[in-house]
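The values are calculated or read from the model by the stated rules, or taken from the named source; none is laboratory data. The model shown is predicted, which means the values in this text are computed figures rather than measured ones. Counting neighbours? That spans all protein chains shown, and the Cβs are built from the backbone with ideal geometry, glycine included.
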Amino acid sequence: MLRTVDLTKDFRGFTAVNAVNLDVAEGMIHALVGPNGAGKTTLFNLLTGFLSPTSGQILLRGDDIAGKQPEQIAHMGVARSFQITSLFEQMTLLEHLELALASPTGLGYRFWSSRKQLSRFKARGMELLDEVGLADRSGVTAGSLAYGQKRALEISLALANDPSLLLLDEPTAGMGLEDVDRTIALVKKASQGRTVVFVDHNMHVVGSLADSVTVLQSGEVLAEGTYDEVRNDERVITAYLGDAGGDHG
Amino acid sequence: MSAQLTDTTRVETAASAAPDRKLNPFVRAGLLVLALLVVLALPWYIYPPVAMDILAWGLFAISVDLLLGFTGLLSFGHAAFWGTSAYVTGLIAIRLGLPFPVAVLGGALVAMLLAIPTGYLAVRRTGIYFAMVTLAFAQMLFFLANQARDITGGENGLQGIPKSFFGIELVETDPFYFYYAALPLILLGAFAAWRTVSSPFGRVLLAIRDNPARARALGYDVERYKIMVFVISAGIAGLAGGVFSVSHGFASLQELIWQTSGKVVLITVLGGIGTLWGGPLGAAVVVLLEDQLASSGFNGIGIITGTIFVLIVLLFRKGIWGTGADLIARLRASRTSSGRRDA
């Protein structure tokens, strides 16, 4: 489904992502973990076209998408959420979904039509909001949502066009315990019939969701495998906890 | 340094401060009727050529608001489109002798064509860099127009643009009637702007203004949208510039100079961005003020308008329209809350 071959990104001499080889099989939930500065978000931005790689390939179903623009990649069935909540603060929730659903139709180019045309996406938009438990808030602006709800809206937006590959950048960042569990359930549900790659610091989230895990450090792959395999990997324990951490397992 | 305009310039859109406030349809319809009545009555109370100036600058400001208020792009070279249309309109009217509305439409069309390459280059940059590219382009046109004396008349400008109007002499000679003959062109521009912002396209523009990265992740080709709105905006600026030059009977380098780009941004921000209403309001204030000051023999108009601009940016960031709307909303809120307390 998604494969990278020696994917590398240099920022003026600083190598944020160094020869990374990922291989995510169809239908899997794959986690990217690693300490801050490990290159997770850079990798995400490479996969979604917000950055173009210095070298290497990104193969989506065998096609090299390296260097394509974000909107082109979006139209290839790849949707992403952002680490820092990234919404249109002044738009209502329903307007968000309408905008997402209108994207593949080209309706957005119609500067001569009434914006009422967007209401054809209302029913589907409400369905999607309902799936993340936000249907009753469809008329309020995103700016007035609580943090956990904003994160849920992010996921809802990413799911709107039924992507085959879903990329979630720290879906539970900054959440309280209750919201974290709700998000885990949400991602689990969303992963039905699609491939998911996500970044998260929360090992509880990684443990409950991920079929496979890649651990990054300093832009390189440190370890790969199932959650249990990498959790017991000496190098990973060292990277996360320092040498003393080994005793705690 | 951040490339986002909203970070570098702290001018808020009039609509943004109170996100949940949207005008109800009755108020909006009432405002529209009122505005039309004012526009129709204007030349009865104000010297008609000055009234025409207000409308032309008002429409010019609307074209800037389309970019600044609705897409988050500050064009500092919009005189390029206003001025190009002023010259092209004049040339069509003089050399081909066509009725002035046809000439103005021709001018606006050329302005739009010009906006395609300009927009293509400019939208690759954001914030202050976008403003600089548009400014550079306008300056280039200014020098070209200055050099091409055979066509533009150089420093003398293009003199004697006729107000040909299907042989109707009243329109061709009397500014009062000319005003009403030119009004449909202005309304056409205002309608185009309104149609644009209240379309699905307009919704995407707001998304781009507020969060371009998110819009791209949703699959929207942000650069293409920006080029499109840039071209639409140039066409509207072109309508305004064409009417202006016919009204004055000449087109000069003044129409292409960078101060003209600055003045229209000033007018737009003064009136309040992000509503389309602000531009005409700002235009009325600035044009009337300039007219009063000029007729009283005062020479430092720039000092006055500059001071007002500084005050607006410092004290009333949302401009006249936004500040006024806020005030009304606050009054209404305090009335309803005190009413609740009484009950």
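Values computed for the structure shown
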| quantity | calculated |
| --- | --- |
| Residue check, A:Thr195 away from chain B (no Cβ under 14 Å), modelled with pLDDT under 90, within 24 Å of A:Leu216 (Cβ to Cβ) and crowded, with 18+ Cβ neighbours inside 10 Å | no |
| Helices (runs of 4 or more DSSP H) lying entirely in region B:247-343 (those with 2 or more residues that are closer than 18 Å to B:Val50 by Cα and either in contact with a helix residue (DSSP H, G or I) (Cβ under 9 Å, 6 or more places away or on another chain) or of a type outside the set (Val, Ile, Thr) (or both)) | B:258-271, B:278-295, B:301-315 |
| Condition check for A:Leu60: farther than 21 Å from B:Asp210 by Cα, more than 10 Å from every other protein chain (Cβ to nearest Cβ) and of a type outside the set (Val, Ile, Thr) | yes |
| All positions within region A:26-57 that are more than 12 Å from chain B (Cβ to nearest Cβ) and of a type in the set (Ser, Thr, Tyr) | A:Thr41, A:Thr42, A:Ser52, A:Thr54, A:Ser55 |
| Matching entry among A:Gly139, A:Gly143 (being part of a helix (DSSP H, G or I), surrounded by fewer than 18 Cβ atoms within 10 Å (Cβ to Cβ), within 13 Å of chain B (Cβ to nearest Cβ) and not aliphatic (A, V, I, L, M)) | A:Gly143 |
| Which listed residue is surrounded by 24 or more Cβ atoms within 10 Å (Cβ to Cβ), within 14 Å of chain A (Cβ to nearest Cβ) and at pLDDT 95 or above, from B:Phe230, B:Phe191, B:Phe201 | B:Phe230 |
| A:Gly39 touching a Lys or Arg at 6+ places or on another chain (Cβ under 7 Å), under 28 Å from A:Gly174 (Cα atoms) and buried (at least 16 other Cβ atoms within 10 Å of the Cβ) | no |
| Extreme residue, nearest to the other protein chains (Cβ to nearest Cβ), among residues of region A:71-113 that are touching a Ser or Thr at 6+ places or on another chain (Cβ under 8 Å) and closer than 18 Å to A:Asp169 by Cα | A:Ala74 |
| Looking only at region A:49-61, and only at residues there that are in contact (Cβ under 8 Å) with a residue 24 or more places away in the chain and not in a strand (DSSP E or B), the one that is nearest to the chain's Cα centre (by Cα) | A:Gly49 |
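One line per residue, one yes/no per condition, for (1) buried (at least 19 other Cβ atoms within 10 Å of the Cβ); (2) among the aromatic types (Phe, Trp, Tyr); (3) within 20 Å of B:Val204 (Cβ to Cβ):
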| site | (1), (2), (3) |
| --- | --- |
| A:Ala100 | yes, no, yes |
| A:Gly106 | no, no, yes |
| A:Arg110 | no, no, yes |
| A:Ser114 | no, no, yes |
| A:Phe121 | yes, yes, yes |
| A:Gly133 | no, no, no |
